[in-house]
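One structure, pasted below without further comment.
The values are calculated or read from the model by the stated rules, or taken from the named source; none is laboratory data. Computed from a predicted structure; not experimentally measured. Cβ placement follows ideal geometry from the backbone for every residue including glycine, while neighbour counts extend to all protein chains displayed.
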Amino acid sequence: MVLKIMKKIKKNQYTIIVENFSEPITYDGSQLANRYTTEKYGVFGETILIFRGGMKLSPEEMVDIKDIVRESHLNKILISSDDSLHFIIEEFDIQPPNMELEYYRLQVLAQIVIEVLKNEGIELIRKGTDMYVGDRKLNVAIASTGVSSSKIHLGINIAGTGFPSHVNAIGLLELGIEQKDVKNIAMEIAERYSNEISKIKEDVSKTRPI
């Protein structure tokens, strides 16, 4: 069934899909499925899906093998939150899909988040694709590949509750971000990511090989 989209914006090669923030959607890993936005929303090509809701993933639903090995003995649920901002990016432009390249793009996305939140007065430290305020983690992030596309999930904590007992985390509300500003911040992140990747493609197209 194709669902009704709250908002759809075309930005460069990407279609940005914004779900209704007043109707929370739980991230459970299913959103990383190949062609998820095509099947759910009828949108083809490169997409950035933005939605708000909790997270709940058991080891069986995760794709980060390192976290599963390192933390599965600590809790039945390794990733959870009561309220987070989610970005699901699906890209078909590199064939065959390349996981290493998608992790580079995830790092670009994380750096954009740092720059956007710095403008809001929040100073973050980035360790790979993880972002911290002091020793408190603000996000979860993963990149992966399917048969025909590459996928990114970035989840940024909004509320400071609902985390697994072994995780020391923090949310945007604790950092002074107001509820009314969350959607604007999300759109700025998505649009800047689209601009950044499009600029890289432009640079490639204008450069003579050696």
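Is it true that Lys183 is basic (Lys, Arg), in contact (Cβ under 8 Å) with a residue 12 or more places away in the chain and surrounded by fewer than 18 Cβ atoms within 10 Å (Cβ to Cβ)? Walk me through how you get there before you give the answer.
Numbers: basic (Lys, Arg): yes; in contact (Cβ under 8 Å) with a residue 12 or more places away in the chain: yes; surrounded by fewer than 18 Cβ atoms within 10 Å (Cβ to Cβ): yes.
Taking the combined requirement at face value, the residue satisfies it.
Right, another one. Of the residues Glu196, Glu174, Glu202, which single one is touching a helix residue (DSSP H, G or I) at 6+ places or on another chain (Cβ under 8 Å), part of a helix (DSSP H, G or I) and surrounded by fewer than 17 Cβ atoms within 10 Å (Cβ to Cβ)?
None of the other options fit; the residue is Glu196.
To continue, here is another question. Sort through Gly146, Gly134, Gly128, Gly155 and tell me the only one that's of a type in the set (Gly, Ala, Ser), surrounded by fewer than 17 Cβ atoms within 10 Å (Cβ to Cβ) and closer than 29 Å to Asn20 by Cβ.
On the way: Gly134 fails: closer than 29 Å to Asn20 by Cβ; Gly128 fails: closer than 29 Å to Asn20 by Cβ; Gly155 fails: surrounded by fewer than 17 Cβ atoms within 10 Å (Cβ to Cβ).
When all the criteria are applied, what remains is Gly146.
State yes or no: is Glu120 over 16 Å from the mean Cα position of the chain (by Cα), surrounded by 15 or more Cβ atoms within 10 Å (Cβ to Cβ) and either at pLDDT 95 or above or not acidic (Asp, Glu) (or both)? Full working, then the answer.
Details: over 16 Å from the mean Cα position of the chain (by Cα): yes; surrounded by 15 or more Cβ atoms within 10 Å (Cβ to Cβ): no; either at pLDDT 95 or above or not acidic (Asp, Glu) (or both): yes.
Spelling it out, it is not the case that Glu120 is over 16 Å from the mean Cα position of the chain (by Cα), surrounded by 15 or more Cβ atoms within 10 Å (Cβ to Cβ) and either at pLDDT 95 or above or not acidic (Asp, Glu) (or both).
Taking region 90-138 as the region of interest, how many residues are out of contact with any helix residue (DSSP H, G or I) (no Cβ under 6 Å at 6 or more places or on another chain), of a type in the set (A, V, I, L, M, F, W, C), in a loop (DSSP other than H, G, I, E, B) and under 21 Å from Asn184 (Cα atoms)?
Residues in region 90-138 being out of contact with any helix residue (DSSP H, G or I) (no Cβ under 6 Å at 6 or more places or on another chain), of a type in the set (A, V, I, L, M, F, W, C), in a loop (DSSP other than H, G, I, E, B) and under 21 Å from Asn184 (Cα atoms): 1 in total.
Residues are listed down the side, and each one gets a yes or a no for (1) part of a strand (DSSP E or B); (2) crowded, with 20+ Cβ neighbours inside 10 Å; (3) at pLDDT below 95:
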position	(1), (2), (3)
Lys10	yes, no, yes
Lys40	no, no, yes
Ile50	yes, yes, no
Lys76	no, no, yes
Ser80	yes, yes, yes
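Just give me the residues in region 13-32 being surrounded by 16 or more Cβ atoms within 10 Å (Cβ to Cβ) and either within 14 Å of Ile89 (Cα to Cα) or among the charged types (D, E, K, R) (or both), in sequence order.
If the condition is that a residue be surrounded by 16 or more Cβ atoms within 10 Å (Cβ to Cβ) and either within 14 Å of Ile89 (Cα to Cα) or among the charged types (D, E, K, R) (or both), then Tyr14, Thr15, Ile16, Ile17, Val18, Glu19, Tyr27, Gly29, Gln31, Leu32 are the ones that fit.
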